[in-house]
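First up is the structure itself, then whatever we jot down about it.
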Amino acid sequence: FKFTAKWCKPCAKVEPAFTSLYQQHYAQADFIKVDVNEHEEISVEAGALSIPLVVCYKGGAVVNKLKGSNEEQLRKFVNNALSP
C-alpha cells in the first residue's frame, strides 16, 4: 500500500518510481494507492502519520514500512519484499 495525498509534493516526487515498480511487478504483488484524505480510517489503522508511506503486507500482516520519497530506497524496499 502506498499512502499518499494529492497535495503532497514528496508523494508526487516518488510517484513515477512507484508506477514503474508496479509495471515491472504487478503480476507478483498488489500495488494499492490510498489517499489519506479519502480513506482516513484505513490510513489511521496502518499508522500513516506521515506520507508518503509504503506498507508491505504478507498474509494480512505488516511485514515492513518505508517512509519518505527516496526513489532508490523505494526500489530496494519493493525488490526485497518480492524476493523469496
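No value in this document is a laboratory result; all are computed from the given coordinates. Here the structure is a predicted model, which means the values were calculated and not measured. Every residue, glycine among them, receives a Cβ derived from its backbone with ideal geometry; neighbour counts consider all protein chains shown.
For the stretch 70-77, putting each phi into the Karplus relation 6.51 cos²θ - 1.76 cosθ + 1.60 with θ = phi - 60° gives couplings of 7, 5, 5, 5, 4, 4, 4, 4 Hz, in residue order, rounded to whole numbers and with x for Gly and Pro. Considering only the chain, what is the antiparallel percent among its DSSP beta bridges, to the nearest 5? About 75 percent, rounded to the nearest 5.
Between Val14, Ile32, Leu49, the Cα set farthest toward the positive side of the dipole of the stretch 1-65 (charges on each charged residue's Cβ, about the Cα centre) is that of Val14.
As a check on your grasp of the helix formula, calculate [θ] at 222 nm for the chain: sum -39500 (n - 2.57) over DSSP H runs of n ≥ 4, divide by the residue count, round to the nearest 500.
-13500 deg cm²/dmol
Among Glu45, Glu71, Glu15, the largest mean-square fluctuation in a Gaussian network model of the chain, built with springs joining Cα atoms closer than 10 Å, belongs to Glu45.
When cysteine pairs in the chain are screened for C-beta atoms closer than 4.7 angstrom, the residues that find no partner are Cys56. For Lys6, the lysines whose Cα falls under 16 Å of its own Cα, not counting residues fewer than eight places away in the same chain, are Lys33. Applying the Karplus relation 6.51 cos²θ - 1.76 cosθ + 1.60 with θ = phi - 60° to the stretch 17-25 yields 3J(HN,Hα) values of 5, 4, 5, 4, 5, 4, 4, 7, 10 Hz, where x marks Gly and Pro. For the chain, the relative contact order works out to 37 percent when only alpha carbon pairs closer than 8 Å and six or more residues apart are counted. Reducing the stretch 59-84 and the stretch 12-37 to their Cα centroids gives an inter-centroid distance of 11 Å.
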